[in-house]
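Values quoted throughout were computed directly from the atomic coordinates according to the rules given, and no laboratory measurement underlies them. Just so it is clear, the model here is predicted, and its values are computed rather than measured. Ideal geometry is used to build each Cβ from the backbone, glycine not excepted, and the neighbour counts take in all protein chains shown.
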Amino acid sequence: MSVTPVNFRRKPAPPPERRVDRDAVAFQPDATMIEETPLPRVARSSIYIVAALVVTAALWATFSYVDRVVTARGKLVTIDPLIVVQPLETAIIRTINVGVGDSVKAGAVLATLDPTFTESQETANRERLNSMRAEERRLAAEVGELVEVVLRHDLHQALGADQAFRDRVVA
């Protein structure tokens, strides 16, 4: 029994046969002319460019790492009652004493605020209060003098009217 070696290599495909001569394409019907006319170089290259972009995007999505930062407008709706955590005054947060998920008790210090703004506001308010108190004392003094002046004027008028009455009676 004889064994013949088998060639497992594929034979290259023969080049496609041209159905119509290039020179004869111009004289063929329009449909045949469209089928036989080769694609322009720009059209062929755009297909390859789009394919390359798709492959590049797939490789980039596979091997790259992207931080997920999402910015959106919306409304949070919770089943728990609303809890507002905010300072009464504008300030810079110096330290935060709790973390996410920590349990806290009533009265616990959650954050420490920088007292710079509140101290300056307190000083300004104290100076304003002193200024207003001084203005109050000045106005009270003016009202007191005015009352005294009005009383003197009324008294003078009353005395003058009384004198005029006496002068009329005597005459």
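Provide 65, 48 in ascending order of the number of other Cβ atoms located within 10 Å of each residue's Cβ, fewest first.
So the residues, fewest neighbours to most, are 65, 48.
How would you rank 63, 27, 117, going from fewest to most other Cβ atoms within 10 Å of each one's own Cβ?
Starting with the residue having the fewest Cβ neighbours, the order is 63, 27, 117.
Modelling each spin label as a point 7 Å along the Cα-to-Cβ direction, I'd like the residue 109/residue 63 distance in nm, to one decimal.
Going by the 7 Å Cα→Cβ label model, 5.3 nm.
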